[in-house]
């Protein structure tokens, strides 16, 4: 018996030593990963979500922007709250980073302060500046979706799905529209509510601003029993999915609109289409990726495309401008990027409306490799103060306006 | 003969085993692991990991989890697992921030707002935890089940209060609090209080006794219901104060704020060297050591350039290995000691 106990203890002892040795081996194993490329600018990229889009963007940062700008990028995990953003900024600082490209719009104010405290240049992909941090020395401002452009695109998309003259009810996922946490979401929702109002002569019981800024999901009083609108705010995709299931399953809503991505909801929508034998049209924001093509070409249970219209977000355009802005700031061009009042700048990227699969097939040829990147290393020279001393806030804004013309881009890039 | 042959070589191992299972070895092991991690990352980063500014960063990052975990050790010591620590902290953060902003909107002073925010946060957390303990003891439902229900309920309340919005405390106020080291003071005072109560009073001894053997404790007049309530109240105090530390650090609250706090806190307590079964080997500093270890790992991995996709995986695997090294698995079915 004693022997058995000895062996058991021995096994127990060995297990602990083995586990400790493995732990240390794992830590030591990551040591060679240390990148001591001190010559490069280290830039942190704080992603709000990590999706298939993110991998496309990481490839662009790593393969196109990094060599062209002499940068090394550190990518975050999905950042869901301000605490995580600040932690990421601090850890980037510890590694020696000199700039942060931030996607977490709700934390842009606190993020700008944290970056400023560590003397790191900071730029956010958002459509509305945080007023409290405009004058921070290291806050370069925003480069985000054009609120007017998004509003126009969503108006056009809604008009196209409402064009059959029938009564339609709409389920809208407004993501970060409340309080204009993401201003583009707010103005997109506003544009759609106005389109519905004009189309069906709706009489909302509250102002559109009040409707959008309601924190909780719920049905909008439209004054017309045949036209229903249900708004679902919130940035948590899983919670949104849980919230939309009840109104979706009622079968009352035949249009689903998301001011951000739609992929999380396709299964829930297909389930209702199958159960209720109805076609639910889908309008959403998307990016150039395989999933968008799949959305246009895959048919739902009734033989209609899953995706009916998208507002394409030119992801890598904003990425190029943000990286170039930090590059310029590091090369003495920080002041040139500020607006006429000397404050952090707001730059707008125009979306590309895409009403059908045919249009998408052309756009999908973009952003796949060096030659087809909307802004490749050669185009980047126009944005860099070292190769173009005139690069400043106005020249950036002008370039962004040029990039609104998707046909011109396709003609230039796709041979 | 065979018996002797087997015993002979194991005598050295037995000596090693007795050193390994010595209470001081158990107590010092989390510190040794932390030092080894610091040493490894320091080597990998050419000493930058141990730079004073980076150590301050790690301390700041660990502070919220450390505060909540310090309170949580009182509950863990009794052999119970509380899954509502994160939800309680975040709800307190939400309600107290709402109260603060309401006072500012109504024209009240910042000082008044801060006092009200502090009082609400601590009172609400203590109330929620006290209520959970009473529910558990009065209805005779296991703590684990009660806290699962509370976690869901509190998250739903927070969702109803916040919806899709984000509350933001003006940065000049959070900066002023941080510049005056209020977050360090909150943590320091609470930690000192916790050390005294846990290690130098009858309350701490009794909580550990209950964790070691609940029946024996009951038979010697240490009634679980009274002490469980006490453990939850002190735990609640940590959560309320943790909410304050979180507000000072990030200054904003949304539905996604501190969503992994509960898991981080539990990991910190376990990594800090406390048994998941509580009992005599419980130490109040376990949460602090664990929180710093977790944070140092994250910080170090970013510094050495581990891919963000790998960080979670490496961290999870390390946790598993370190827990395997630090925890004694019972020879029988999982049960309290004795």
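For segment A:326-386 and segment B:217-294, write down the distance between their C-alpha centroids in whole Å. Here the two parts' Cα centres lie 47 Å apart. Summary of the geometry: segment A:199-215 and segment B:109-171, compared by the centres of their Cα atoms, lie 33 Å apart.
To the nearest Å, what is the center-to-center distance of segment B:16-57 and segment A:50-102, using C-alpha atoms only? With segment B:16-57 and segment A:50-102 each reduced to a Cα centre, they are spaced 29 Å. Is the shape of segment B:48-326 best called rounded, prolate or oblate, per the rule: a/c under 1.5 gives rounded, else a/b larger than b/c gives prolate, else oblate, with a ≥ b ≥ c the square roots of the Cα gyration tensor eigenvalues? It is oblate, given that a/c is not under 1.5 and a/b is not larger than b/c. Label positions at residue A:388 and residue A:50, each projected 7 Å from the Cα along the C-beta direction, are separated by 3.4 nm. Averaged over the residues of peptide A:74-81, the number of Cβ atoms from other protein chains lying within 10 Å of each residue's Cβ is 5. For chain B, the longest principal axis of the Cα atoms and the long axis of helix B:224-250 meet at an angle of about 60 degrees. Across chain A, the relative contact order, built from alpha-carbon pairs under 8 Å that are at least six residues apart, equals 14 percent. Listing A:178, A:232 from fewest to most neighbouring C-beta atoms within 10 Å gives A:232, A:178. With angles folded into 0 to 90 degrees, how steeply does helix B:182-200 sit against the dominant principal axis of chain B? Use alpha carbons for both and round to 10. Between helix and principal axis, roughly 40 degrees.
Shielding of peptide A:129-136 by partners, expressed as the average count of other chain Cβ atoms within 10 Å per residue Cβ, is 1. Ranking of B:176, B:85, B:129 by neighbouring Cβ atoms within 10 Å, starting from the fewest: B:176, B:129, B:85.
With the alpha-carbon atoms of chain A aligned to their principal axes, the span from lowest to highest coordinate is 78, 76, 46 Å, starting with the largest.
Averaged over the residues of B:166-176, the number of partner chain Cβ atoms lying within 10 Å of the residue Cβ comes to 3.
Taking label positions 7 Å along the Cα-Cβ direction at both residue A:357 and residue B:59, the computed distance is 6.2 nm, reported to one decimal.
The overall shape of segment A:148-312, judged from the alpha-carbon gyration tensor, is rounded, with an a/c ratio under 1.5. Extending 7 Å from Cα along the Cβ direction at residue A:250 and again at residue B:189 yields two label points whose distance is 5.1 nm. Between B:83, B:112, B:59, the residue with the greatest mean-square fluctuation in the GNM of chain B (Cα pairs under 10 Å linked by springs) is B:112.
Judged by the gyration tensor of its Cα atoms, with axes a ≥ b ≥ c, the protein assembly as shown is prolate; a/c meets the 1.5 cut and a/b is the larger of a/b and b/c.
In chain B, Cα pairs under 8 Å separated by at least six residues give a relative contact order of 32 percent.
The ranking of B:15, B:224 by Cβ neighbour count inside 10 Å, starting from the fewest, reads B:15, B:224.
Read-outs: derived from the displayed coordinates by stated rules, not from any lab. Because the structure is predicted, anything quoted here is derived from the model rather than measured. All Cβ positions, glycine included, derive from the backbone under ideal geometry; neighbour counts span all protein chains shown.
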